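A short worksheet on the structure shown next.
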């Protein structure tokens, strides 16, 4: 059976869409750990959640970095490279201060910034519009998870 490149691309987008939504699960696990007081190897829900948030934020920034490297004619190439580093560092600082009330709002705002900046700067191929629509939905789910965790921590 011969599968066209277009069909292969559609299957790949479906896979990446599923993976994007599945990526919300560790946020939900962190919230559940915090609410129940459960910990894994002395890692509580707050650390789990904040560390995972930082990892995903760094991953998203890495996509910008790759976009800047691979699209040498992109009009925002330098800005993407600089922003990718700045946002990743902000995430790392939030992780260092994960026990303070500031870490979660900073991370939520960083996710919002990444989502809005992607809509404006368009660092990736337009042929992936379906995937980036999914990423927008997932970004808002992640931001909602940050709000829920913030409420769980400060109730």
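Contact annotation: residue pairs with Cβ atoms under 9 Å, 6 or more positions apart or on different chains, pairing a residue in region 66-88 that is more than 25 Å from residue 108 (Cβ to Cβ) with a partner that is assigned to a loop (DSSP other than H, G, I, E, B), are 71/123; 71/124; 71/125; 74/122; 74/123; 77/71; 77/123. The residue list 57, 47, 104 contains one member that is within 17 Å of residue 152 (Cα to Cα), touching a helix residue (DSSP H, G or I) at 6+ places or on another chain (Cβ under 7 Å) and in a helix (DSSP H, G or I), which is 104.
For residue 84, the conditions (1) closer than 13 Å to residue 46 by Cβ; (2) assigned to a helix (DSSP H, G or I) are fulfilled apart from (1). The condition of being touching a residue at least 40 places away in the same chain (Cβ under 8 Å), surrounded by 19 or more Cβ atoms within 10 Å (Cβ to Cβ) and under 19 Å from residue 21 (Cβ atoms) holds for only one of 60, 128, that being 60. Scanning region 93-117 for residues that are within 23 Å of residue 77 (Cα to Cα) and over 12 Å from the mean Cα position of the chain (by Cα), we see that the one that is modelled with the highest pLDDT is 116.
Out of curiosity, is residue 153 farther than 30 Å from residue 33 by Cα, surrounded by fewer than 19 Cβ atoms within 10 Å (Cβ to Cβ) and at pLDDT 85 or above? In short, no.
The values are calculated or read from the model by the stated rules, or taken from the named source; none is laboratory data. The structure displayed is predicted, hence computed values, not measured ones. Methodologically, a virtual Cβ is constructed for each residue, glycine included, from the backbone with ideal geometry; neighbour enumeration extends over all protein chains shown.
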